[in-house]
Amino acid sequence: MAQPTQWRPPARAWREEDLRDLPEDGNRYEIVDGSLHVTPPAGYAHHELADDIRMALRQAAPEGWRVIREIGVRVPGGNLIPDVTVLRPGVPADGMWAEPVDVALVVEVESPSSRRHDRFTKPALYAEAGIPAYWRVERGDFGPVIHRYELAKGDHYRLVGTVGPDDPVTVTEPWPMTLTPATWPR
């Protein structure tokens, strides 16, 4: 993103190309239904947990699959930036915004500033885009809790399971693997 000399919001709905003109100040800039949504930078614990989830996914990933932190995803009426995105094989390595058809899973790690967005707004948009799986991760007192959702008929997610910090479980999305949240930071 370029550092503008004088920043002004557009006189129309926000579009993807407008994001290039925003400052690189650590905030996460996303577009929801043509409106700009700004989230302040997350803390160390948030990033460490997202990194551990990404590493667990990468270590179990079949050849050709890619697990990326904070890449943009195009959704109807906007652009979102999940904490972790799993891309299907064959997606170009130099992209900035992934198409929903190329995304197998998105993961959001909740923070106090993103809780409502991660529980309501983002899953609705990911489901509408047709992304088959969504994980919402809470940082609990005893370790992370993963709420796993799959795309149901129509444009919404249904809960398929919850993984607690001391409950290793085998999942099938985006591929078969065992999750062990107890090994991730608290």
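Annotations
- Options LEU36, LEU57: the member that is in contact with a helix residue (DSSP H, G or I) (Cβ under 9 Å, 6 or more places away or on another chain) and of a type in the set (A, V, I, L, M): LEU36
- Total residues in region 40-79, condition touching a Pro at 6+ places or on another chain (Cβ under 7 Å) and either of a type outside the set (Gly, Ala, Ser) or farther than 20 Å from VAL91 by Cβ (or both): 8
- Unmet criterion (only one of (1) out of contact with any Ser or Thr (no Cβ under 6 Å at 6 or more places or on another chain); (2) over 18 Å from VAL32 (Cβ atoms)) for HIS147: (1)
- Within region 157-173, the set of residues being under 23 Å from TRP97 (Cα atoms) and not in a strand (DSSP E or B) comprises GLU173 only.
- Among the residues of region 53-78, the one identified as acidic (Asp, Glu) and either over 20 Å from VAL137 (Cα atoms) or buried (at least 17 other Cβ atoms within 10 Å of the Cβ) (or both) is GLU63.
- A single entry from ILE71, ILE31 fulfils the requirement of being in contact with an Asp or Glu (Cβ under 8 Å, 6 or more places away or on another chain) and not hydroxyl-bearing (Ser, Thr, Tyr): ILE31.
- Counting the residues of region 23-73 that are of a type in the set (Gly, Ala, Ser) and part of a helix (DSSP H, G or I) gives 4.
Okay, residues lined up against (1) over 16 Å from the mean Cα position of the chain (by Cα); (2) over 23 Å from ARG66 (Cα atoms):
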site	(1), (2)
GLY143	yes, yes
ARG148	no, no
ALA152	yes, yes
ARG158	yes, yes
GLY164	yes, yes
VAL171	yes, no
MET177	yes, no
ALA182	yes, yes
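We did not get these values from a lab; they are worked out from the coordinates using the rules stated. The structure displayed is predicted, hence computed values, not measured ones. Methodologically, a virtual Cβ is constructed for each residue, glycine included, from the backbone with ideal geometry; neighbour enumeration extends over all protein chains shown.
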